[in-house]
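Participant: Before we start, here is the structure in question, set down as structure tokens.
The values are calculated or read from the model by the stated rules, or taken from the named source; none is laboratory data. Every value quoted in this text rests on a predicted model; they were computed, and no experiment measured them. FYI the Cβ positions are ideal-geometry reconstructions off the backbone, even for glycines, and counts take in every protein chain you see. Areas reflect the complete protein model, heavy atoms only, side chains present, ligands, DNA and RNA absent. Shrake-Rupley method; radii C 1.70, N 1.55, O 1.52, S 1.80 Å.
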Amino acid sequence: MKIAVVAANGRVAQKVVKEAQERGFEVTAFARGGENKSGAAKFVKKDIMDLSKEDLLGFDAVVDGFGAWKDEDQPMHIKTSQHLCDVLSGSDTRLLIVGGAGSLYVNAEHTAQVKDDPNFPAMFLPLANAQGQELEELRKRDDVKWTFISPAGDFQADGERTGKYILAGEELTLNSKGESIISYADYAIAMVDEIEKGNHIKKRISVVRE
């Protein structure tokens, strides 16, 4: 399979590149910075917003690894994923987006989300709101084969690679220990599994450590 990873210098994206290449996939990394931090065999210096149809032609899947932390940059979550949707519109190339946990539902009626809890950390609220809005905009796209993958609540950059995870849906899911936790490495496994299988087109899924 041929995979493009955009915003590939991000820490989650780097794990996805590593996982995909170890499985023998042909990976091209795109990043606006000149340095290829991902270790991808092929690297193109290009910002997401400058990517064209020609740039992404011929790929089986595109992974959107964009992430912003500053409040003023949060609208870029929607802008970047919608730009990729426009570029991939009508094609068979799938778009997989690194999402967030704040928009996961905490009730069966899907009226309350993780970020609505009064104890939700205030510093992460702008990010959670932005990624939640990003997901809602994706739901409006019938012209793109998108998949939004939310991590568990405790998303650990340096957590161990266990190789095991629980695949869940729209609701916050806990493992047998009552934890909502996953490492970047295990998340990358789930991401590449989804690229291989393609079972959740135009859906949001979530993952938690087993």
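Participant: Here are some residues: 178, 159. Which one is of a type in the set (Gly, Ala, Ser) and either in contact (Cβ under 8 Å) with a residue 24 or more places away in the chain or in contact with a Leu (Cβ under 8 Å, 6 or more places away or on another chain) (or both)?
Facilitator: 159
Participant: Output the number of residues of region 181-210 satisfying the condition of being within 23 Å of residue 1 (Cβ to Cβ) and without any contact (Cβ under 8 Å) to a residue 60 or more places away in the chain.
Facilitator: Residues meeting the conditions: 9.
Participant: Here's a follow-up. Taking the residues in region 197-210 that are of a type in the set (A, V, I, L, M) and in a strand (DSSP E or B) as candidates, determine which candidate is surrounded by the most Cβ atoms within 10 Å (Cβ to Cβ).
Facilitator: In this case the residue turns out to be 208.
Participant: While we're looking at this one, here's another question. Quick one: which residue in 180, 176, 150 is farther than 19 Å from residue 8 by Cβ and either modelled with pLDDT under 95 or within 15 Å of the chain's Cα centre (by Cα) (or both)?
Facilitator: Of 180, 176, 150, the one residue that is farther than 19 Å from residue 8 by Cβ and either modelled with pLDDT under 95 or within 15 Å of the chain's Cα centre (by Cα) (or both) is 150.
Participant: Run down 208, 192 and say which single residue is touching an Asp or Glu at 6+ places or on another chain (Cβ under 6 Å) and modelled with pLDDT of 95 or more.
Facilitator: 192
Participant: Next question. For region 143-194, which fully contained strands (runs of 3 or more DSSP E) count at least 1 residues that are farther than 18 Å from residue 128 by Cβ?
Facilitator: 145-150, 165-168, 181-183
Participant: Sticking with this structure for a sec: Can you pull out the residues in region 23-40 that are open to solvent by 40 Å² or more (accessible area, probe 1.4 Å), among the small types (Gly, Ala, Ser) and in contact with a strand residue (DSSP E or B) (Cβ under 6 Å, 6 or more places away or on another chain)?
Facilitator: Residue satisfying the conditions is 34 alone.
Participant: Only one residue in 151, 118 is within 19 Å of residue 74 (Cα to Cα) and not aliphatic (A, V, I, L, M), so which one is that?
Facilitator: Only one candidate passes the filter, namely 151.
Participant: Shifting gears a bit: Yes or no: residue 43 aromatic (Phe, Trp, Tyr), surrounded by 15 or more Cβ atoms within 10 Å (Cβ to Cβ), modelled with pLDDT of 95 or more and closer than 22 Å to residue 92 by Cβ?
Facilitator: No.
Matching residues to (1) open to solvent by less than 70 Å² (accessible area, probe 1.4 Å); (2) of a type in the set (Phe, Trp, Tyr); (3) closer than 25 Å to residue 22 by Cβ:
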position	(1), (2), (3)
115	yes, no, no
133	no, no, no
152	yes, no, yes
161	no, no, yes
166	yes, no, yes
179	yes, no, no
195	yes, no, yes
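Participant: Next question, about the same structure. Looking at 4, 20, 61, 8, can you tell me which residue is touching a residue at least 40 places away in the same chain (Cβ under 8 Å), out of contact with any helix residue (DSSP H, G or I) (no Cβ under 9 Å at 6 or more places or on another chain) and crowded, with 20+ Cβ neighbours inside 10 Å?
Facilitator: Only one candidate qualifies: 4.
Participant: Does residue 109 satisfy the condition of being touching a His at 6+ places or on another chain (Cβ under 7 Å) and acidic (Asp, Glu)?
Facilitator: In short, no.
Participant: Also: If residue 104 meets every condition in (1) modelled with pLDDT of 95 or more; (2) over 21 Å from residue 15 (Cα atoms); (3) surrounded by fewer than 21 Cβ atoms within 10 Å (Cβ to Cβ); (4) of a type outside the set (Gly, Ala, Ser) apart from one, which number is that one?
Facilitator: Here residue 104 meets the rest and fails (3).
Participant: Here's another thing I want to ask about it. Would a scan of region 196-203 turn up a residue that is at pLDDT 95 or above, farther than 26 Å from residue 116 by Cα and charged (D, E, K, R)?
Facilitator: yes
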